[in-house]
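Enquirer: Supplied in structure tokens, the structure appears directly below.
Rule-based calculations on the coordinates, nothing more; no lab input. Quick caveat: nothing in here was measured; it's all calculated off a predicted structure. Cβ sites come from the backbone with ideal geometry, for glycine too, and all protein chains shown count toward neighbours.
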């Protein structure tokens, strides 16, 4: 009997020019370093490097067209910043496929992407959202010290989810 490998796509999204809103860029690059892969440049989205057991893609926004790229994966892990309202500074949330309204700052909710994939292939991949607390959303590059300190914990949570 042949065992199939679990393929994971980590989708980071946010605006790298709004300080902590760009935390996904830092998380994905820390993850890539942990996996022994070169970092993404600020203008690189990661689409040219797909084909690994754990792939990474960085976007400003989630868009419906991602459903076609993400459909073959067994698991999607979304990484984004959150403002507050959660007890945990790095919050992990299991996602279900559903059509959910986007937030004020995002065009498409991760649950909606899962639902689009479910419509395409008859089932949705497992989905999880890793939300990292942001403190500074002003214009500019680089993370606040508080948010930068949370990056290793986010990577650990992703690695735990991505284990077969």
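Enquirer: When the convex hull of the Cα atoms of the stretch 1-77 is projected onto a plane and the area is averaged over all directions, what value comes out in nm²?
Expert: Seen from a random direction, the Cα hull of the stretch 1-77 projects 5.7 nm² on average.
Enquirer: Using the number of other C-beta atoms within 10 angstrom as an exposure proxy, rank 34, 133 with the fewest first.
Expert: Ascending Cβ contact count within 10 Å gives the list 34, 133.
Enquirer: Now for a different question. Take the Cβ-Cβ distance between residue 98 and residue 45 as r, set R0 to 35 Å, and report the resulting FRET efficiency rounded to the nearest 0.05.
Expert: Step by step, r from the Cβ atoms, then E = 0.85.
Enquirer: Another question, if that's okay. If I take every Cα pair under 8 Å that is 6 or more residues apart in the chain, average their sequence separation and divide by the length, what percent do I get for the relative contact order?
Expert: Here the relative contact order equals 32 percent.
Enquirer: Separate question: Can you tell me the 0 to 90 degree angle between the C-alpha axis of helix 110-121 and the longest principal axis of the chain, rounded to 10?
Expert: Between helix and principal axis, roughly 20 degrees.
Enquirer: Still on this structure, I have one more. I'd like the orientation of helix 23-34 relative to the chain: the angle between its Cα long axis and the longest Cα principal axis, in ° from 0 to 90, rounded to 10.
Expert: In the chain, helix 23-34 runs at an angle near 60 degrees to the longest axis.
Enquirer: With the calculation restricted to Cα positions, what are the radius of gyration and Dmax of the stretch 8-162 in angstrom?
Expert: So, for the stretch 8-162, Rg and Dmax equal 14.4, 43 Å respectively.
Enquirer: Something else about it: Rounded to the nearest 0.05, what FRET efficiency do residue 60 and residue 86 give with R0 = 30 Å and r taken as the Cβ-Cβ distance? Could you check?
Expert: 0.85
Enquirer: Subtracting the Cα-Cα distance from 0.36 nm times the residue separation, let me have the gained length for residue 37 to residue 153 in nm, one decimal.
Expert: Length difference between fully extended and current span is 39.9 nm.
Enquirer: Using the number of other C-beta atoms within 10 angstrom as an exposure proxy, rank 31, 129 with the fewest first.
Expert: Ranked by crowding around the Cβ, least crowded first: 129, 31.
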